[in-house]
Amino acid sequence: MGTNETRRERADEGAAHSRELERRGWIVLFAMLFCGIIVIMNQYKVPTFMGTLMQDFGTSPGTTGWLMSVIAVAGIVTAFPSAFLLNRFGPRRIGLFGLAFMIVGCAVGALASTFAQLIVGRLLEGVGVAMMGVVATTIISMYFPREKAGLPMGIWNLWYVVGSTLAYNIGVPVALALTGDPHNWHAWWWFSDALALVAFIVFALLVSVPHAGRGIAAERERATGRPEHRPASLLLEGFKVKRMWLFGLGFCFLMFTSLSVLTWVPTYVQEIEVGRALAAGASLADAQAQGGVAGGSMASLGFAASIPMALVTAFLLGRFQTLRARNVMVVIAGFCAFFYVGAFLVPYDYLPAYLVLLGLESGWTSGVVWSMVPVTMPKRVTMPVGMAIIIFFQGVSNLLCTPVVGYVIGEAQVWTNVAPLCAATATIGTVLWIVYVLTKPPVFEEDEEPSELDALAEEAGALGAEVA
């Protein structure tokens, strides 16, 4: 009787602890979401000033595109080391470290007088982007159990869509408000740097890490209140999960498809709007200002529309928690990527509505991607490795996409050349995701561990055998 009461007391204590952990988790989640939005806003602060940067530095579209792509180099280089650094120093320290790199990178870029200096600044910013992605999903997985992680992971997905939407909408207005010059990208860099500093403070004050989990290390954490480092060999097991690599590679091609359009839409719109304004009799300065604002605003439709869809996706992820339901969402996301093929083929007057459609697709796909890491990695301790794989492939797509599209459209800027490229990458990405869905998932860590009752039964059986 006493044993049953003790078990009930432990169960009640565990349930109370889980509820408190989840309540704290929501606070941490929204604090990280704010920081993530600032990080992504910095990543996407280039596109609305692409034309100005080409003029200031005398670079071609392909070369200038490296300002977006080079930030991915840091993501590629630091993605996997971040998983091991996170294990050694903890996600909170690594998060602060990444935000510090973001602050320094913004300052270097704001002070840049040459294209090379601006590239260096973007590399430093890329460290912050990569580390925030790995850190955030790891902390979320600590606060929320795997079966309930769909909703918070879907909400976390807002970091990408809200950050990019803000960057596309406020860049030119901020430069105009601070300096009176809509082409003053230096002012936009300084403003972004100030926001990165605010994000650093918010992260330092509100983000904490619970001592939760399974195994000897987790037991020591709960007993001592100090973090324990898991053996690096456990993290290395994460690299053996073939499904994660398959999913990440498919994401790489589908990300390439969307970025082929969304990164270059501001330049496409500015070109048309400037021509229209000049034809209407506006001065060159007024036409360029009008084109800059219009380019950012219209391009942001592709991100703004993804915000409500990201919330819808988060809700659905909370409702449909089975692997089969998640797999259906993955396949739908893959096929939706084909919408990007027609972006530069539709008549210009229909482009705003088309961008809204693309935004709905983007919110769906990105929400599904972040939520699939916890249900793809069989062990919780390897979750940072799974996220590092996603960040790595995201970096590859970011690295290649902008310059490749720049070279495809060429100096003459033949925008229809983008359609065949999008069709090819969307096909490859969708096929890879279909193969991922058809591949048998592994047994999850918590499913293969025996329950307490099973352990007691096994002990009783062993004792009976000894007596016999």
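A few comments on the model shown:
- Placing dummy labels 7 Å off each Cα toward the beta-carbon, the span from Arg93 to Tyr407 is 4.2 nm.
- For the range 428-440, Karplus couplings with θ = phi - 60° (6.51, -1.76, 1.60), whole Hz, Gly/Pro x: 4, x, 5, 4, 4, 6, 5, 4, 4, 5, 7, 7, 5
- Among 260-272, 21-33, the peptide with the highest mean count of other Cβ atoms within 10 Å heads the list, and the full ranking is 260-272, 21-33.
- Contour excess over end-to-end distance, with Cα ends at Phe84 and Val356 and 0.36 nm allotted per residue: 94.0 nm
- Residues Arg380, Arg276, sorted by accessible area with the largest first, give Arg276, Arg380 [1.4 Å probe; ligands and nucleic acids excluded].
- Efficiency of FRET between Phe239 and Thr427 - r from beta-carbon atoms, R0 41 angstrom, step 0.05: 0.90
- Karplus (6.51, -1.76, 1.60) ³J(HN,Hα), θ = phi - 60°, over the range 177-185, in Hz, Gly and Pro reported as x: 5, 7, 10, x, 10, x, 9, 7, 5
- Max-minus-min Cα coordinates of the range 334-390 on each principal axis give 50, 17, 14 Å, with the largest extent listed first.
- Heavy-atom accessible surface of the range 235-278: percent carbon and sulfur, 1.4 Å: 68 percent
- Each part reduced to its alpha carbon centroid, the range 26-86 and the range 169-185 end up 19 Å apart.
- Straight-line reach from Lys440: taking Cα to Cα under 20 Å and skipping same-chain neighbours fewer than 8 places apart, the lysines in range are Lys240, Lys242, Lys379.
- All-pairs Cα distance distribution in the range 124-190, expressed in whole percent, bin size 10 Å: 18, 33, 26, 16, 6, 0
- A Stokes-Einstein calculation at 20 °C with viscosity 1.002 mPa s, built on the Kirkwood radius of the range 369-419 over Cα pairs, returns a diffusion coefficient of 163 µm²/s.
- Whole-percent carbon and sulfur share, accessible surface of the range 142-183, 1.4 Å: 71 percent
- Estimated vicinal HN-Hα couplings, Hz - the range 247-262 in sequence order (Karplus 6.51, -1.76, 1.60; Gly, Pro = x): 5, x, 5, x, 4, 4, 5, 6, 5, 4, 4, 5, 5, 4, 9, 5
- Directionally averaged projected area (convex hull, Cα atoms, the range 88-207), nm²: 8.3 nm²
The values are calculated or read from the model by the stated rules, or taken from the named source; none is laboratory data. Remember, it's a predicted structure, so these values are computed and weren't measured experimentally. When we count neighbours, we look across all protein chains shown, and the Cβ atoms used for this are built from the backbone with ideal geometry, even at glycine. These area figures cover heavy atoms from the full protein model, side chains too; ligands, DNA and RNA do not enter into them. Shrake-Rupley method; radii C 1.70, N 1.55, O 1.52, S 1.80 Å.
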